[in-house]
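The numbers here are math on the coordinates, done by the rules we state, and not lab data. It should be emphasised that the depicted structure is a prediction, and the values quoted were computed from it without experimental measurement. Cβ sites come from the backbone with ideal geometry, for glycine too, and all protein chains shown count toward neighbours.
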Amino acid sequence: MTDLRGPRDDRWYLSLMSPNTRGPKFAWLDPTSIYINAAAFGDLLDDLTAGLDAGAIDVVAGLDAMGFVLGAALAARLDRGFLPIRKAGKLCVETDRVSFSNYSGRSQEMEMRRPAFAPGTRVLLVDQWVETGGTMDGAIRLVERQGGRVAGIACIAMEENAVTAGYRARYPVVTAVMPGSAWQAECNAQRLSSFDRYRAERTFPTAGRTPAP
């Protein structure tokens, strides 16, 4: 089995992500193929936790839906509890609810259980991908409405625009796609060069081994 892993700043696992083949109403890529491979998922979590200070975080909150996967895994790594922030209408308890515009421009609502934590609780917000920043804005408002403090934001990638620049200025932000990298430029353009050589077989589970070339 050929080892594809290069230097730690190479983020080799990003090349496993697949392009959208379903049309414009879907996100432009699918990062979940990282999660299915143990080596890729492990290195992703290593890279994100290396940039996080567990002592500054009381709880990890994941955004519905794919933020649940990454958020729960990071919570386990950091030895912290996990709080799901859900799409509206899913929780059977009292909630706080906000409206937001998602990456496609559609208006949606999300909610968080009430009460979720004590005032002053430091909350790390986790999503799979931050594109326009609208979904993250809704989560920030929910946390602050209950007196929580946003301890930071973690995701695979945060595309660069005026909203996300504001997040980086206000909060600690940790991303697998590093600002200034070639990966960041491709994310901003919403097309990865690795799409040209994408093969689903490279992402298949390999019992912790690195995917085949």
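Say R0 is 30 Å: what FRET efficiency, to the nearest 0.05, do residue 165 and residue 88 get from their beta-carbon distance?
0.60
Each eigenvalue of the Cα gyration tensor of region 54-191, multiplied by 5 and square-rooted, gives one semi-axis; in descending order these are 23, 17, 13 Å.
How much net charge surrounds residue 189 when only other residues with a Cβ under 15 Å from its Cβ are counted (Lys, Arg +1; Asp, Glu -1)? Mind showing how you got there, number by number?
On the way: positive: 191; negative: 131, 159, 160, 186, 196.
Around residue 189, the charge tally is -4.
Could you give the angle, 0 to 90 degrees to the nearest 10, between helix 38-50's Cα long axis and the longest principal axis of the Cα atoms of the chain? The helix 38-50 is inclined about 50 degrees to the chain. Helix 67-78 and the longest principal axis of the C-alpha atoms of the chain enclose an angle of approximately 90°.
Could you put 153, 140 in order, starting from the residue whose Cβ has the fewest other Cβ atoms within 10 Å?
Numbers: 153 24, 140 21.
Ordered by Cβ neighbours within 10 Å, fewest first: 140, 153.
Extension gain for the segment residue 106 to residue 21, taken as residue separation times 0.36 nm less the Cα-Cα distance, is 28.5 nm to one decimal.
Working from label points 7 Å from Cα in the Cα-to-Cβ sense, the residue 145 to residue 189 distance is 4.0 nm. For region 1-113, the equivalent ellipsoid built from the Cα gyration tensor has semi-axes of 28, 21, 11 Å, listed from largest to smallest.
Considering helices alone, the calculated mean residue ellipticity of the chain at 222 nm is -8000 deg cm²/dmol, with DSSP H runs of length four and up weighted by -39500 (n - 2.57) and normalised per residue.
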